[in-house]
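First comes the structure, then the notes that go with it.
Values quoted throughout were computed directly from the atomic coordinates according to the rules given, and no laboratory measurement underlies them. Note that this is a predicted model, so its numbers are computed, not measured. Here the Cβ is made from the backbone with ideal geometry for all residues, glycine too, and neighbour counts use every protein chain on show.
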């Protein structure tokens, strides 16, 4: 068994407006010269440390957990899971 | 009527709700801490989930409360026809429990919004609008930061086709305009019910509008919400 650092990234779905992302882009980035930025989506990251047999199992545990415990609401959010390190 | 208000860690509108139902409506009301719901919930005529900020709204408003053991029992009873009502955070808990479809996400204004709004009753088939007529205008206040109702296109069509939209935010002329929508809710939705009409959630607070002294217009439209529930109960008997 080994320790793994996993990131659970929760973002709003593209068809749900993200006023926080829009404001960060419009009132901060573009206003301060970063006009090459054309899209910003805000979200939430849960950094989870867990013990698993291997990276594959670590990812499977995370997916099971996010779906079972509705860590994201699939109606409004999308979810990405990254296993970072062993 | 004998009802229960379930008080969670972070509920803040529970006592207002108890006051409205006990003092104004004259109902028998038990306010019970969520871990102490030891007596059978099916002894009650209805279950209420009050407003507040359960578990600090962490992760997403209502989601942690939705996983408490008492909510598993509420879910079972709701599916058997028990009337279940969620106000504000209670609505968020009902959505996160999947007793009601969709999601409640951050207001598009990025601000907590606390003000009076106009609601148009869209159906009288829900347990909380039995005495309403489609088109009635209710003045009821909101107080929330995560009240933007969202559902995908297919889900919205189903809500419309099944007559599950109970209230919409409208202007003084009963029109659901962008300006009258306080949080960016899709299709100006303020409250919905399940297919059977026994589970109803809304973001505005009828308990804060249940007597005329509370309203700038001396209205008591919140009372219609409770009177409707009383009527629904009578019909069920």
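Would you mind classifying the stretch B:75-223 by shape? Square roots of the alpha carbon gyration tensor eigenvalues, ordered a ≥ b ≥ c; an a/c under 1.5 is rounded, otherwise it is prolate if a/b is larger than b/c and oblate if not. If you can, show how the numbers build up before the last one.
On the way: a/c = 1.43, a/b = 1.21, b/c = 1.18.
Here the stretch B:75-223 falls in the rounded category.
Only bridges whose two residues both fall in the stretch B:2-236 count here: according to DSSP, what percent of them are antiparallel, nearest 5? Let's see the in-between values first.
Working: 22 of 38 bridges.
Percent antiparallel among DSSP bridges in the stretch B:2-236 is about 60.
Other chains near A:10-19: what is the mean number of their Cβ atoms within 10 Å of each residue's Cβ?
On the way: counts 2, 0, 4, 4, 0, 4, 10, 6, 3, 9.
Across the residues of A:10-19, the mean count of other-chain Cβ atoms within 10 Å is 4.
Quick one: helix A:55-68 against the long Cα principal axis of chain A, what's the angle to the nearest 10°, folded into 0 to 90?
Relative to chain A, helix A:55-68 is tipped by roughly 70 degrees.
With a ≥ b ≥ c taken as the square roots of the eigenvalues of the C-alpha gyration tensor of the protein assembly as shown, please select rounded if a/c is under 1.5 and otherwise prolate if a/b is larger than b/c or oblate if it is not?
Numbers: a/c = 2.14, a/b = 1.38, b/c = 1.55.
Judged from the Cα gyration tensor, the protein assembly as shown comes out oblate (a/c at least 1.5, b/c at or above a/b).
Restricting to DSSP H runs of at least four residues, report the calculated mean residue ellipticity at 222 nm for the protein assembly as shown, -39500 (n - 2.57) per run over all residues, nearest 500 deg cm²/dmol. Write down the numbers at each step before the final one.
Numbers: 8 runs with 72 residues, N = 323.
Using -39500 (n - 2.57) per qualifying helix, the result is -6500 deg cm²/dmol.
Using a basic spin-label model with each label point 7 Å from the Cα along Cα→Cβ, how many nm lie between residue A:78 and residue B:114?
3.7 nm
Top mean-square fluctuation among A:43, A:33, A:21, Gaussian network model of chain A, C-alpha springs under 10 Å?
A:33
For residue B:234 and residue B:175, calculate 0.36 nm times their separation in residues minus their Cα-Cα distance, and state this gained length in nm to one decimal.
Working: separation 59, 0.36 × 59 = 21.24 nm, distance 3.27 nm.
Using 0.36 nm per residue and subtracting the Cα-Cα distance, I get 18.0 nm.
Given the C-alpha centroids of the stretch B:1-32 and the stretch A:68-86, what is the distance between them in whole angstrom?
Taking the Cα centre of the stretch A:68-86 as reference, the centre of the stretch B:1-32 is 36 Å away.
With springs only between Cα atoms under 10 Å apart, run a GNM on chain B and tell me which of B:112, B:150, B:53 wobbles the most.
Its mean-square fluctuation being the largest, the pick is B:112.
Can you classify the stretch B:57-127 as rounded, prolate or oblate using the Cα gyration tensor, where a ≥ b ≥ c are the square roots of its eigenvalues, rounded means a/c under 1.5, and otherwise it's prolate if a/b beats b/c and oblate if not?
Working: a/c = 2.58, a/b = 1.22, b/c = 2.12.
Oblate, because a/c is 1.5 or more while a/b does not exceed b/c.
Over all residues in B:181-188, what is the mean tally of Cβ atoms on other chains that come within 10 Å of each residue's Cβ? Present the calculation step by step, with values, prior to reporting the outcome.
Values: counts 0, 0, 0, 3, 0, 3, 0, 0.
For peptide B:181-188, the averaged partner shielding equals 1.
Inside 10 Å of the C-beta atoms of B:105-111, what's the mean count of C-beta atoms belonging to other chains?
Details: counts 10, 6, 1, 6, 1, 4, 1.
Per residue, the average neighbour count from other chains is 4.
What residues from the stretch B:110-133 fall in the zone where the backbone N is under 20 Å from a label point 7 Å along the Cα-to-C-beta line of residue B:195?
B:123-128, by backbone N distance to the label point.
Ranking request for peptides B:63-76, B:189-202: highest mean number of other beta-carbon atoms within 10 Å first, then the rest in descending order. Spell out each step's value before the answer.
Numbers: B:63-76: 18.6, B:189-202: 24.7.
Descending packing order for the listed peptides: B:189-202, B:63-76.
Would you kindly calculate the translational diffusion coefficient of the stretch A:2-85, applying Stokes-Einstein with the Kirkwood radius from alpha carbon pairs, for 10 °C and a viscosity of 1.306 mPa s, and quote it in µm² s⁻¹ without decimals? Mind showing how you got there, number by number?
On the way: Rh = 14.4 Å.
In µm²/s, the coefficient is 110.
For residue A:30 and residue B:214, what does the FRET efficiency come to when R0 = 45 Å and r is the distance between their Cβ atoms, rounded to the nearest 0.05?
Details: r = 44 Å, r/R0 = 0.98.
In this case the efficiency is close to 0.50.
Taking chain B as a Gaussian network, Cα atoms linked when under 10 Å apart, which of B:207, B:153, B:96 shows the biggest mean-square fluctuation?
Judging by the Gaussian network model, the answer is B:153.
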